[in-house]
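Novice: Take this structure, written in structure tokens, and hold onto it; I'll ask about it next.
The values are calculated or read from the model by the stated rules, or taken from the named source; none is laboratory data. Small disclaimer: the values here were computed from a predicted structure and weren't measured. Positions of Cβ are generated from backbone atoms using ideal geometry, with glycine treated the same way; all protein chains shown enter the neighbour counts.
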Amino acid sequence: MAGLDVVILSDDLDPFILPSEFTPFVLDQSVGSTPAAFFTVSHPCKSEADSVMAPVSWQSDLVRLRHLPDAPIFIEIFDATSADWRLAAMVAKDFSSGTLYRGIVRPDLPLHHPHDRLIILGMLAHLAGGVVHCSCVLDRGRALLFVGRSGVGKTTIARIWRDVGATILNDERNIIRIEDGVPLAGSSPWHGEENQVSPLHAPLAGVFFLRQAAENSVSECKPAEAVTSLFTSTLVPVFIPSGPALILQSWNALFERTPAHNLAFTPDHRVVDVCRDVISNGPTT
């Protein structure tokens, strides 16, 4: 995902599958580089008793975390079949490794909603990245992000770009991260109206904050404003104490390297030329 390799292996002979939304990201061959994270699939055993000893540090209706200082994080999900909590995963504090535990009803599906998102968000936060509510297109080898409130036109503008030959990576939730000082963007597994995702990723050429208008116009968005606007559209990992600070640190670094623009647009193909021009020459208004 977005150029990050995650390895998942079973420690027994029982097969397992991943949810269908992960299918576009599955590699057919072994990972060639050092993976960003490594997980094993196992049956719960002693870890269940260990998790009970750790206090609950964060909880929602469907998932909760337990951990002690300098100890792994236990992720539990509420199992409707038993009307009780069960251990779903044990992960390192930086989410770079851990164990995914098989369930009773679906032992072949160890990673699924809701704990899959916690694991990915936690991992990304420690890798100078995060997941943002936005659409992302790949145009001429560059990724462009379009950020805005629900209904502002993120999917609409992505479709316009597709009509002129660009590739929609994802019209709803995308990954932004910084690797060796280079901002990158790629799709998350979770799509929007387009019901499709692309495993491609590319250097991030610009971030556009959208609003609808009668005419197309673009203006510079100052870094401090851009950080705040992007943060409000980010799936912030509030389930870990350092989550918000890590995201803010990453987005501050992002806008030291990546131009941000306020884009007022009307839904026609002329907006593509406006964006391409500003990427090449900077804002004109």
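Novice: Condition test on LEU138, is it in contact with a strand residue (DSSP E or B) (Cβ under 7 Å, 6 or more places away or on another chain), closer than 21 Å to LEU263 by Cβ, not assigned by TED's automatic domain parsing to the domain that holds ASP94 and not acidic (Asp, Glu)?
Specialist: On the way: in contact with a strand residue (DSSP E or B) (Cβ under 7 Å, 6 or more places away or on another chain): yes; closer than 21 Å to LEU263 by Cβ: yes; not assigned by TED's automatic domain parsing to the domain that holds ASP94: yes; not acidic (Asp, Glu): yes.
Yes, satisfied.
Novice: Further question: Suppose the filter is out of contact with any Asp or Glu (no Cβ under 6 Å at 6 or more places or on another chain), among the hydrophobic types (A, V, I, L, M, F, W, C) and either over 18 Å from VAL272 (Cβ atoms) or surrounded by fewer than 22 Cβ atoms within 10 Å (Cβ to Cβ) (or both); does ILE157 pass it? Write out each step before concluding.
Specialist: Values: out of contact with any Asp or Glu (no Cβ under 6 Å at 6 or more places or on another chain): yes; among the hydrophobic types (A, V, I, L, M, F, W, C): yes; either over 18 Å from VAL272 (Cβ atoms) or surrounded by fewer than 22 Cβ atoms within 10 Å (Cβ to Cβ) (or both): no.
Criteria not met by ILE157.
Novice: Against the condition within 25 Å of SER280 (Cα to Cα) and over 17 Å from the mean Cα position of the chain (by Cα), how does ALA185 come out, does it pass?
Specialist: Details: within 25 Å of SER280 (Cα to Cα): yes; over 17 Å from the mean Cα position of the chain (by Cα): no.
So ALA185 fails the test.
Novice: A further question on this structure: Can you tell me which condition TRP85 does not meet? The list is (1) part of a strand (DSSP E or B); (2) farther than 14 Å from PHE239 by Cα; (3) under 25 Å from the mean Cα position of the chain (by Cα), and all the others hold.
Specialist: Here TRP85 meets the rest and fails (3).
Novice: If you don't mind, there's one more thing I want to ask. Among the residues of segment 46-77, which ones are of a type outside the set (A, V, I, L, M), surrounded by 16 or more Cβ atoms within 10 Å (Cβ to Cβ) and under 24 Å from PRO15 (Cα atoms)?
Specialist: Taking segment 46-77 as the starting set, the residues that turn out to be of a type outside the set (A, V, I, L, M) are 46-48, 50-51, 55, 57-61, 64, 66-67, 69-70, 72, 74, 76.
Next cut, surrounded by 16 or more Cβ atoms within 10 Å (Cβ to Cβ) only: 47, 50-51, 58, 64, 66-67, 72, 74, 76.
Scanning segment 46-77 gives SER47, PHE74, GLU76.
Novice: Please work out which one of (1) of a type outside the set (Asp, Glu); (2) surrounded by 24 or more Cβ atoms within 10 Å (Cβ to Cβ); (3) not in a loop (DSSP other than H, G, I, E, B) is the condition PHE95 fails and give its number.
Specialist: (3)
Novice: With the structure loaded, tell me whether PHE146 is over 20 Å from the mean Cα position of the chain (by Cα) and either in contact (Cβ under 8 Å) with a residue 40 or more places away in the chain or more than 19 Å from VAL7 (Cα to Cα) (or both) or whether it fails that test.
Specialist: Details: over 20 Å from the mean Cα position of the chain (by Cα): no; either in contact (Cβ under 8 Å) with a residue 40 or more places away in the chain or more than 19 Å from VAL7 (Cα to Cα) (or both): yes.
Here the answer is no, as PHE146 does not meet what is asked.
Novice: Farther than 30 Å from ASN252 by Cα and either charged (D, E, K, R) or out of contact with any helix residue (DSSP H, G or I) (no Cβ under 7 Å at 6 or more places or on another chain) (or both) - does that describe any residue in segment 116-127?
Specialist: Quick first cut of segment 116-127, residues farther than 30 Å from ASN252 by Cα only: none.
No: segment 116-127 contains no residue that is farther than 30 Å from ASN252 by Cα and either charged (D, E, K, R) or out of contact with any helix residue (DSSP H, G or I) (no Cβ under 7 Å at 6 or more places or on another chain) (or both).
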